[in-house]
1. Out of (1) surrounded by fewer than 18 Cβ atoms within 10 Å (Cβ to Cβ); (2) modelled with pLDDT of 95 or more; (3) under 21 Å from the mean Cα position of the chain (by Cα); (4) not aliphatic (A, V, I, L, M), the odd one out for residue 353 is which?
2. Mind telling me which of the residues 127, 109 ends up being surrounded by 14 or more Cβ atoms within 10 Å (Cβ to Cβ), within 30 Å of residue 12 (Cα to Cα) and not hydroxyl-bearing (Ser, Thr, Tyr)?
3. Identify all residues within the range 228-251 that are touching a Pro at 6+ places or on another chain (Cβ under 9 Å) and either more than 16 Å from the ligand (Cβ to nearest atom) or at pLDDT 85 or above (or both); write none if there are none.
4. Kindly list, by first and then second residue, each pair from a residue in the range 201-229 that is farther than 18 Å from residue 98 by Cβ to a residue that is among the β-branched types (Val, Ile, Thr), limited to pairs with Cβ atoms under 9 Å and residues at least 6 apart or on different chains.
5. Which condition from (1) more than 30 Å from residue 66 (Cβ to Cβ); (2) surrounded by fewer than 24 Cβ atoms within 10 Å (Cβ to Cβ); (3) of a type outside the set (A, V, I, L, M, F, W, C); (4) at pLDDT 95 or above is the one that residue 217 breaks?
6. Select from the range 311-338 the residues that are within 15 Å of the ligand (Cβ to nearest atom), in contact with a Pro (Cβ under 6 Å, 6 or more places away or on another chain) and within 14 Å of residue 52 (Cβ to Cβ) and list them in ascending order.
7. How many residues are touching a Leu at 6+ places or on another chain (Cβ under 8 Å) and under 30 Å from residue 418 (Cβ atoms) if we restrict to the range 200-236?
8. If the Cβ limit is 7 Å and pairs must be 6+ apart or interchain, which residue in the range 96-123 that is under 14 Å from residue 391 (Cβ atoms) pairs with which residue that is of a type in the set (Lys, Arg) and not in a helix (DSSP H, G or I)?
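The values are calculated or read from the model by the stated rules, or taken from the named source; none is laboratory data. The model shown is predicted, which means the values in this text are computed figures rather than measured ones. As a convention, Cβ positions derive from the backbone with ideal geometry for all residues, glycine included, and neighbour counts pool all protein chains shown.
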Amino acid sequence: MLRALPRIRKDPLTFLSESAATYGDVVEFPIPGQRVFFANHPDAVKQVLQTEHRTHDRATVQYQSLALVTGNGLLTSDGELWRKERRLMQPAFHRAVLDQFVEHIDIAVDRLLASWARKRDGEIVDVDQAMMRTALEAVGRSLFSHDLSGEAGELVQAVLKALDVVVSRARSPLAPPLNWPTLGNIALRNSLRTLDHTVDVMVGARREAQRRGAGPETPDLLGMLMASEGFDDRQLRDEIVTLIVAGHETVATSLTWTWYLLGQNREVRDTLLAEVDSVLQGQRPTFEHLSQLPYTRQVVDEALRLYPPAWVISRRALVDGDVMGVEVPAGSYVFVSPYVLHRTEEYWPDATRFDPARFASDAGEQTSRFTYIPFGAGPNLCIGRDLALMEAVLVVAAVASKCNLDPVIGQQVSLDPLVTIRPHGGLPMVLKKRFP
Ligand code: HEM
């Protein structure tokens, strides 16, 4: 294991893929002091994330690191607390209210298109950065509705800064204890202080506005969470931060990889453009267009297969048991990897090929609930799944109807798996306006 450490740090995705290919469906990593199992089989996914979810919690390095920023929000909690949070938050993400977020997403897309309209045809743009900005604006507006240049913007920046520190901590095997006055710890403490203060101010201002009978014109998540009355101020803070963390980078990277794959596969792109042009006729996509853009949705689904933003999902076993017959004592970590599973030939023939036809409604039983898990599985299935898919389809259709993104010739793209899988050093692509 020690000998493998440099390789794991340099390229964990290849390390995991090779481990599964060499050692089989359930692999134990020999780590002193902590038993760690990696399972790469749909039955194991079903068992750990669904059937036995009550005896597998999230007290793992992955979620405890995130919890330094998100506290006890929905993404990092377990048991009774998690059940209460999920029940209170579910209505805000229900399919029936999804269209309320379209307006927020539209503003983010308009800004992106306006900034690209000012560029020269053929100019190189960093698609990774652009998608991060667009997704951040979309989730920020969905949460707070109003202008992100003020407190909401400050809050979002504080969250991202704190997350950065936490991620570099999680990557370092020798991270200093949190109470040591290191630069990283001081930066984390400062961002958390800014974060807590800004949430207080924003929630206070919203309460005051509600007392006066004034509120945002378009409903937003903050209003929905505050209306549920089951959250005290601390819990409200944790949920707000959780939604920024969970709903920003995930959507952004799924879009980034979609553009990357479309740039590499002209035939797929042509089919997508034919659909987008005939459905939208030059108009901006609306909620009503979504059902008429099935191929665009297939493209997004397939990009999420090849580059699932959440590349690993971990749990801790609470009782002695087994995973697919391999003994797993209480206290062990068990994790699955959507990235590795989605690229396993047994479940996905010709797995590395980008082929949106796999997700066509008439493609038959190609995908199963437990071989395709970009949003997880079982009771912790991503609460923002429908919102994320809607956002991705709207952004892809809106952008594709105006411009193409071509690969930069000779450019090598390597993967950087941090909180999500991102292209190392960004993703420069050539911006080509379709209707100059
Ligand atoms: C493409 C975009 C997204 C991907 C790939 C994604 C992926 C995931 C995955 C894999 C999980 C399961 C974690 C686990 O089992 O421990 C999850 C949970 C979660 N996601 Fe997402 N997510 C996305 C977008 C969003 C959005 C837009 C939001 C909200 C605005 C969101 C909020 C959450 C929350 C709160 C949870 C915790 C759910 C629970 O444990 O009950 N996600 N997500």
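1. (3) is the only condition that residue 353 fails.
2. Of the residues listed, the single one that is surrounded by 14 or more Cβ atoms within 10 Å (Cβ to Cβ), within 30 Å of residue 12 (Cα to Cα) and not hydroxyl-bearing (Ser, Thr, Tyr) is 127.
3. 249, 250, 251
4. Hits for this filter: 202/240; 203/240; 226/203.
5. Checking residue 217 against (1) more than 30 Å from residue 66 (Cβ to Cβ); (2) surrounded by fewer than 24 Cβ atoms within 10 Å (Cβ to Cβ); (3) of a type outside the set (A, V, I, L, M, F, W, C); (4) at pLDDT 95 or above, the one that fails is (4).
6. none
7. Matching residues across the range 200-236 total 8.
8. Close Cβ pairs (under 7 Å, with a partner that is of a type in the set (Lys, Arg) and not in a helix (DSSP H, G or I)) amount to 106/284.
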